[in-house]
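Scroll down for the structure; my scribbles are underneath it.
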């Protein structure tokens, strides 16, 4: 489970969904589709048209995984911070009703404004 007191998943980079679809597809509901997948060293985050699925890969072999489902309907507010000239990373902070804040850090190559637009389309 995401630790909502220290909720940060660091240095996420856009990856192809084929590497993770087998893990998260069993969680999907009717007409749910992947929009984008961002991966850190082991952990990853999938944005779908229904929710955000954060996957914490655990153990030495990585077979054990913790899946956190964060529905867009529970988002109260969010903030995006774009990359700059010297700070190449961008950030996404999301406040969930009844849960707290989740923070995602992305590498400079990620389109954080597109992610912000995606979230806006689902919550506004």
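Read-outs: derived from the displayed coordinates by stated rules, not from any lab. As the structure is a prediction and not an experimental result, all values here were calculated from the model. With ideal geometry, Cβ positions are generated from the backbone for all residues, glycine too; neighbour counts draw on all protein chains shown.
Suppose a student asked you for the relative contact order of the chain, using Cα pairs under 8 Å spaced at least 6 residues apart; what percent would you report? So the answer I get is 25 percent.
Here the residues 42, 51, ranked from fewest to most Cβ neighbours within 10 Å of their Cβ, fall in the order 42, 51. Comparing 46, 83, 54 in a Gaussian network model of the chain where C-alpha atoms under 10 Å apart are linked, the largest mean-square fluctuation is found at 83. Largest mean-square fluctuation among 44, 25, 72, in a Gaussian network model of the chain whose springs join Cα atoms under 10 Å apart, belongs to 25. Segment 97-119 and segment 19-85 have their alpha-carbon centroids 11 Å apart. Highest GNM mean-square fluctuation among 106, 28, 67, for the chain modelled with Cα contacts below 10 Å: 28.
Of [x] 13.9; [y] 14.8; [z] 16.1, which one was derived for Kirkwood radius over Cα pairs in Å from the structure shown? Recomputing Kirkwood radius over Cα pairs in Å here picks out [y].
Would you list 93, 31 from fewest to most Cβ contacts within 10 Å?
Working: 93 16, 31 7.
Going from sparsest to densest Cβ surroundings: 31, 93.
Over the residues of the chain, the helix contribution to mean residue ellipticity at 222 nm works out to -3500 deg cm²/dmol, using -39500 (n - 2.57) for each DSSP H run of at least 4.
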